[in-house]
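Asker: Please see the structure below; I have some questions.
Laboratory data are not the source of any read-out in this text; all were calculated from the coordinates shown. All figures in this text were calculated on a predicted structure; none of them were measured in a lab. Cβ placement follows ideal geometry from the backbone for every residue including glycine, while neighbour counts extend to all protein chains displayed.
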Amino acid sequence: MAAAAPPPAPTPAPEPATSLPETTPLFTRIRLATPSDVPHIHKLIHQMAVFERLTHLFSATESSLSATLFSPTVLPFNSFTIFLLEASPNPFPVSTFDSNPFFKPLTKFVNLSVPIEDPERDTFKSMDNVTVVGFVLFFPNYSTFLGKPGFYVEDLFVRECYRRKGFGKMLLSAVAKQAVAMGYGRVEWVVLDWNVNAIKFYEEMGADVLNEWRICRLTGEALQAYGGAD
């Protein structure tokens, strides 16, 4: 007599569906600044002066920035150059920035684990649903040791609510990428000695922090004293 077939194994209960953590999509764009961006640039520089505790040295005006940064003789990468970083919840539409003969904007999509609360969104609005996040200002210099030009970064600033999300690295990387494209030998800048977060960030990017060098500066009355007759 054949043995009875064993009862069928119970069907395993389906595992509960696991939901992915919610994220906030953000589209970013790095582009060349234009004269119409001067009001935003001026406000960014003032915020940077506040952060660096140097408001007593801040005297720039929108007029002075417009006249010096965007005069007809100033060409991108041959003189003072500003990259603006913008963010939007939507993809950036095709615009005149895309046909700029000097620089094609760099776009990147990021997923943020926490939405950014920007209390100054309207103040830094550059167009519909587009907000200015930060900027980097740089210009050419020269290394006699390398026998090559390079870029000197005068200012790198990201607004407070957008910090520690990789946006500063985006801006500095854009300058470095442009330097490589032009065959330049280096990119350099200075950092305040108390800004340990910035120092760590730059070191993680591969930068050498040269503690043995000191900045020498002539400005104000000390500089004007050289304008007189010999």
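Asker: By how many nm would the segment from Ser36 to Thr55 grow when fully extended, if each residue of separation counts as 0.36 nm and the alpha-carbon distance is taken off?
Answerer: 4.4 nm
Asker: Please give, to one decimal in nm, the separation of the simple spin-label points placed at Phe109 and Glu22, each 7 Å out from Cα toward the Cβ.
Answerer: Going from the Phe109 label point to the Glu22 one covers 2.0 nm.
Asker: Pick out, in residue order, every one of the GluC sites (Glu not before Pro) in the range 111-182 that is DSSP loop and has at most 10 other C-beta atoms within 10 Å; say none if there are none.
Answerer: The qualifying sites are Glu117.
Asker: With contacts defined as alpha carbon pairs under 8 Å and 6 or more residues apart, what's the relative contact order of the range 99-224 in percent?
Answerer: It comes to 17 percent, rounded to a whole number.
Asker: Give the lysines reachable from Lys104 as a straight Cα distance under 27 Å; neighbours fewer than 8 places away on the same chain don't count.
Answerer: Lys43, Lys125, Lys148, Lys165, Lys169, Lys177
Asker: Then there is this: Select from the range 124-230 those chymotrypsin sites (Phe, Trp or Tyr not before Pro) which occupy a DSSP coil region and have at most 11 other Cβ atoms within 10 Å, ordered by residue number.
Answerer: Phe145, Trp194, Trp213
Asker: Which whole-number percentage describes the relative contact order of the chain, with Cα contacts under 8 Å and a sequence gap of 6 or more?
Answerer: 19 percent
Asker: Another question, if that's okay. Please list, or write none, the aspartates and glutamates whose alpha carbon is within less than 13 Å of the alpha carbon of Lys200, excluding same-chain residues fewer than 8 places away.
Answerer: Asp208
Asker: Same structure again: Computed over the Cα atoms of the chain, what is the convex hull's projected area averaged over all directions, in nm²?
Answerer: With every direction weighted equally, the projected area is 23.9 nm².
Asker: Something else now. Quick one: putting +1 on the C-beta of Lys and Arg, -1 on the C-beta of Asp and Glu, what dipole do you get for the chain around its Cα centre, in Debye to the nearest 20? If you can, show how the numbers build up before the last one.
Answerer: Values: 19 positive and 23 negative charges, 87 e Å.
It comes to approximately 420 debye.
Asker: Of Phe70, Ala176, Tyr202, which is farthest along the charge dipole of the chain in the positive direction, counting Lys and Arg as +1 and Asp and Glu as -1 at C-beta?
Answerer: Looking along the dipole axis, the top candidate is Ala176.
Asker: If exposed means no more than 13 neighbouring beta carbons inside 10 Å and the site is in a DSSP loop, what's the longest run of the chain without any exposed trypsin sites (Lys or Arg not before Pro)?
Answerer: The segment 54-163 is the longest one with no such site.
Asker: At 7 Å along the Cα-to-beta-carbon direction for both Arg163 and Lys125, put a label point, then send me their distance in nm to one decimal.
Answerer: Inter-label distance under the simple model: 2.6 nm.
Asker: I'd like the FRET efficiency for Trp213 and Val94, computed as 1/(1 + (r/R0)^6) with the beta carbon distance as r and R0 of 41 Å, rounded to 0.05.
Answerer: So the FRET efficiency works out to roughly 0.40.
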